[in-house]
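Structure, as structure tokens:
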Protein chains: 2
Amino acid sequence: MADTPSAKRQRSSKDVPYELIYWPGLPGRGEHVRLLLEEAGAEYTDTARAEDGIKTVLAQIDGENLGDDLNPPPLAPPVLRHGDLLISQTPNILLYLGPRLGLAPKIAEDDDGIYRVNALALTALDGLSNEAHDTHHPIATGLYYEDQKEESKRYAKEYIANRLPKFLGYFERVLKGKASGDGPWLYGGSLTYADLVLFQCIDGVKFAFPNALKRLEGSGDYKGVFGLYDAVKERPKIKAYLASDRRQKYGDGIYRHYPELDEE
Amino acid sequence: MADTPSAKRQRSSKDVPYELIYWPGLPGRGEHVRLLLEEAGAEYTDTARAEDGIKTVLAQIDGENLGDDLNPPPLAPPVLRHGDLLISQTPNILLYLGPRLGLAPKIAEDDDGIYRVNALALTALDGLSNEAHDTHHPIATGLYYEDQKEESKRYAKEYIANRLPKFLGYFERVLKGKASGDGPWLYGGSLTYADLVLFQCIDGVKFAFPNALKRLEGSGDYKGVFGLYDAVKERPKIKAYLASDRRQKYGDGIYRHYPELDEE
């Protein structure tokens with residue numbers, strides 16, 4: 001396939017800060033993007049902290065937005081702009097940033113590492129972010145929680161009993177496998193963005209289901225996973241970030257704490 | 001980040017057929033992988049057509065599988081093996097195959113096209129595959145449909161009323177945008193794997209909700225989307241494939257036809 005029209009233009013357009021376009025007021029899916037940028041010490045702007053930032057978000061997802069010459073319109077935030085490039089979809093943004101920020105193997109003909117990291121990130125997002133969201137919105141994103149509360153209780157019960165142990169157990173297995181290498185990380189013995197994704201997912205479910213997570217952590221069955229969580233949390237740049245006002249507080253986003261959905 | 005251990009080994013290991021490891025008996029998520037391989041005329045094996053192929057699937061997702069020296073274990077099929085590489089997660093497999101099969105821009109420092117294609121594929125899979133699955137399993141994958149039938153009716157009603165038009169409308173908008181280029185395709189004026197993904201998603205929801213899709217197609221609001229669907233279907237290799245016994249029949253997979261979930 002021939003170069004896309006962007007090929008030449010973009011060469012000169014990438015020496016600029018990253019621009020994260022995401023809802024203010026909650027960590028949400030944008031938080032995964034922030035953690036990469038913060039760990040790497042990258043220069044970036046964030047609509048969550050810009051005056052009228054929400055207008056930028058709304059303009060991107062407007063039903064009349066057709067994108068531009070190079071970029072299709074996004075359906076939903078997070079959106080990343082970097083020079084001429086504008087892309088959406090959390091795992092896609094991470095895929096773009098990871099190798100550039102030293103948080104994944106470079107994409108190269110002789111190194112397939114990026115596909116292994118991407119698979120781990122996608123799996124964490126599936127089970128510990130998307131499904132965690134569905135615990136309070138099992139019927140429709142467009143309805144209020146209160147209008148699907150009974151279904152939420154049923155979903156959350158199954159989620160805590162079956163899905164959480166399934167995904168935690170999976171990542172524990174990944175950490176036991178040889179491909180994870182030495183140390184606390186999921187792949188190749190070095191920190192990758194998959195570790196940051198898993199950290200944020202665990203942080204989110206800890207907020208949403210504190211009782212269930214306390215029991216699961218206490219079981220000792222997932223020492224690797226919770227060890228990874230602690231190891232990310234102690235990284236100097238992450239630690240400083242989490243203590244800063246750049247870190248958004250949990251609220252009405254993906255991870256919500258409704259006591260009636262947690263175990264007793 | 002340094003080369004992963006795989007870098008040297010894999011150079012000599014890629015001149016082999018692709019191996020798709022997926023459930024027999026339904027198109028499922030594996031179908032997206034098949035469509036790329038078929039359109040490209042690539043050589044591949046498929047556990048769905050191998051004697052005892054299911055044993056290969058089950059060995060991969062076994063709770064004791066720790067992966068190998070290079071590859072973390074997969075959580076779920078589809079899995080792709082190519083030489084030393086073994087990866088899971090549908091959009092990740094498509095990302096790997098797309099550029100190699102001429103169905104996406106090559107991944108290169110001076111061309112960001114792949115991230116635009118990946119975003120489109122992820123969005124189609126989110127709304128028209130994952131959510132379509134949830135119409136008959138809104139509460140838990142581990143429960144039977146019959147045990148979540150009432151919730152399914154409510155989910156499907158919302159899905160048909162709000163989500164289907166949202167996603168169809170989104171792709172219609174992408175097709176109207178300049179980044180789609182000329183012709184029926186989503187990105188850059190050429191067929192990419194995002195088109196094949198959208199084709200299969202539309203084919204699936206047509207099977208699941210024939211009445212709703214007939215109405216939506218008849219509305220004339222999504223001429224681009226249904227035009228793309230027809231254009232993919234008429235591609236010689238896809239046409240031959242769909243008529244062959246390599247194409248699995250719909251059954252108890254992602255796309256299921258329960259008349260009570262469709263509109264009247």
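Which of the following residues is free of Cβ contacts under 8 Å to residues at least 24 places away in the same chain and more than 8 Å from chain A (Cβ to nearest Cβ): B:144, B:193?
One residue alone meets the criteria, B:144.
Any residue in the range A:139-149 that is at pLDDT 95 or above and closer than 25 Å to residue A:39 by Cβ?
Within the range A:139-149, none of the residues are at pLDDT 95 or above and closer than 25 Å to residue A:39 by Cβ.
Please count how many residues of the range B:193-228 are more than 23 Å from residue B:100 (Cα to Cα) and not in a loop (DSSP other than H, G, I, E, B).
21
Would you mind stating whether residue B:75 is touching a Phe, Trp or Tyr at 6+ places or on another chain (Cβ under 7 Å), free of Cβ contacts under 8 Å to residues at least 60 places away in the same chain and at the interface with chain A (Cβ under 8 Å from one of its Cβ atoms)?
Spelling it out, residue B:75 is indeed touching a Phe, Trp or Tyr at 6+ places or on another chain (Cβ under 7 Å), free of Cβ contacts under 8 Å to residues at least 60 places away in the same chain and at the interface with chain A (Cβ under 8 Å from one of its Cβ atoms).
Filter the range B:167-183 for residues that are more than 7 Å from every other protein chain (Cβ to nearest Cβ) and either acidic (Asp, Glu) or under 19 Å from the mean Cα position of the chain (by Cα) (or both); which is surrounded by the fewest Cβ atoms within 10 Å (Cβ to Cβ)?
By that ranking, first place goes to B:182.
Considering only the range B:131-141, I want to know if a residue exists there that is within 25 Å of residue B:160 (Cβ to Cβ), in contact (Cβ under 8 Å) with a residue 12 or more places away in the chain, part of a loop (DSSP other than H, G, I, E, B) and facing another protein chain (nearest Cβ under 8 Å).
Among the residues of the range B:131-141, at least one is within 25 Å of residue B:160 (Cβ to Cβ), in contact (Cβ under 8 Å) with a residue 12 or more places away in the chain, part of a loop (DSSP other than H, G, I, E, B) and facing another protein chain (nearest Cβ under 8 Å), which makes the answer yes.
Check B:53, B:63 and return the single one that is over 30 Å from residue B:190 (Cβ atoms) and either more than 8 Å from chain A (Cβ to nearest Cβ) or under 18 Å from the mean Cα position of the chain (by Cα) (or both).
B:53
Only one of A:242, A:164, A:228 is over 20 Å from residue A:28 (Cα atoms), more than 9 Å from chain B (Cβ to nearest Cβ) and of a type in the set (A, V, I, L, M); which?
A:228
Check the range B:146-158 and report whether any residue there is surrounded by fewer than 22 Cβ atoms within 10 Å (Cβ to Cβ) and hydrophobic (A, V, I, L, M, F, W, C).
No; the residues of the range B:146-158 include none that is surrounded by fewer than 22 Cβ atoms within 10 Å (Cβ to Cβ) and hydrophobic (A, V, I, L, M, F, W, C).
The values are calculated or read from the model by the stated rules, or taken from the named source; none is laboratory data. This is a predicted model, so every value here is computed, not measured. Reconstructed Cβ throughout: ideal geometry from the backbone, glycine too, with neighbour counts over all protein chains shown.
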